[in-house]
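Participant: Quick one: structure below, then a few questions.
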Amino acid sequence: MSERPSFTPTSAMVLAAGLGKRMRPVTATLPKPLVRIAGRSLLDRALDRLAGAGVRRAVVNVHYLPDLVEQHLKHFNGLDIVISDERDKLLETGGGTKKALGLLGADPFFVVNTDAMWLEGPTPNLARLIRRWNPDEMDMLLLLASASTSIGHEGEGDFLMDPAGRLARRPERQIAPFIYAGVGLIKPELFADTPDGAFSLNLLFDRAIAAGRLFGLRLDGEWLHVGTPHAITEAEEYVAASAR
């Protein structure tokens, strides 16, 4: 299906509350979103992309070392930054987003993992997601990366995608070509009848799949998963090489 003009999401949920256990000892004293790659933090890189796509408000959730994240955000210009405080209880990706719905508004919004980092192709990927969005057939639209060529990723993939872009889960004991790149567009209505407290966005992925309304768009560029101390070095080297 061809891309089509659409609205511009004005809000985004930026997931910055996680413990970053796989990145220890780096995250023993530094929250993962503030880890720097090529001189800029993962959090700032995510916010830069959102601002460039026309987003005006970013809701950032905090839990682990929250004061450091809040202090850092005071120096970011270009977006209205709102904190969603999860100091008392970590709510995971779904529960944290649900808690912030009142701050995100009634329209579809971006949801972004702060360890989702990529080098752009000719057209920025958030702009491509916006053009591809079709609320008549979609409840969620995910940015997908290649499971075989992405930097820092190990695993068997997450999704199969049909020619129309509709997604299905990887069958058990099989390999799937696509992984979730940590960015998506989502309708807030999907959170109706979801649990109170902590839950994963995977619950909503599965609900949208069951309804035939989860779609994907392949990333144009190179995706880097920055999830371990080794991945920091790998990402630094890749970014430096790409700049030559």
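Participant: Can you tell which of L19, L79 is in contact (Cβ under 8 Å) with a residue 24 or more places away in the chain, in contact with a Lys or Arg (Cβ under 9 Å, 6 or more places away or on another chain) and crowded, with 16+ Cβ neighbours inside 10 Å?
Facilitator: Details: L19 fails: crowded, with 16+ Cβ neighbours inside 10 Å.
That would be L79, the only listed residue that is in contact (Cβ under 8 Å) with a residue 24 or more places away in the chain, in contact with a Lys or Arg (Cβ under 9 Å, 6 or more places away or on another chain) and crowded, with 16+ Cβ neighbours inside 10 Å.
Participant: OK, next. Please return the ranges of strands (runs of 3 or more DSSP E) entirely within the stretch 29-125 where 3 or more residues are at pLDDT below 95 and not β-branched (V, I, T). If you could, list the steps in order and put the result at the bottom.
Facilitator: Working: elements: 57-62, 80-85, 109-113, 116-120.
Result: 116-120.
Participant: Return the residue satisfying two criteria in turn: it lies in the stretch 117-126 and is among the aliphatic types (A, V, I, L, M) and either surrounded by 24 or more Cβ atoms within 10 Å (Cβ to Cβ) or within 14 Å of G216 (Cα to Cα) (or both), and of such residues it is farthest from the chain's Cα centre (by Cα). Lay out the reasoning, then the answer.
Facilitator: Our first condition is that a residue be among the aliphatic types (A, V, I, L, M); within the stretch 117-126, this holds for 117, 119, 126.
Of the ones still in play, those that are also either surrounded by 24 or more Cβ atoms within 10 Å (Cβ to Cβ) or within 14 Å of G216 (Cα to Cα) (or both) are 117, 126.
Details: M117: 9, L126: 11 Å.
Ranking the qualifying residues of the stretch 117-126, first place goes to L126.
Participant: Could you list, in sequence order, the residues of the stretch 22-32 that are of a type outside the set (K, R) and surrounded by fewer than 22 Cβ atoms within 10 Å (Cβ to Cβ)?
Facilitator: To start, the set of residues in the stretch 22-32 that are of a type outside the set (K, R) comprises 23, 25-31.
The answer is P25, V26, T27, A28, T29, L30.
The values are calculated or read from the model by the stated rules, or taken from the named source; none is laboratory data. Quick caveat: nothing in here was measured; it's all calculated off a predicted structure. Cβ: placed from backbone, ideal geometry, glycine included. Neighbour counts: every protein chain shown.
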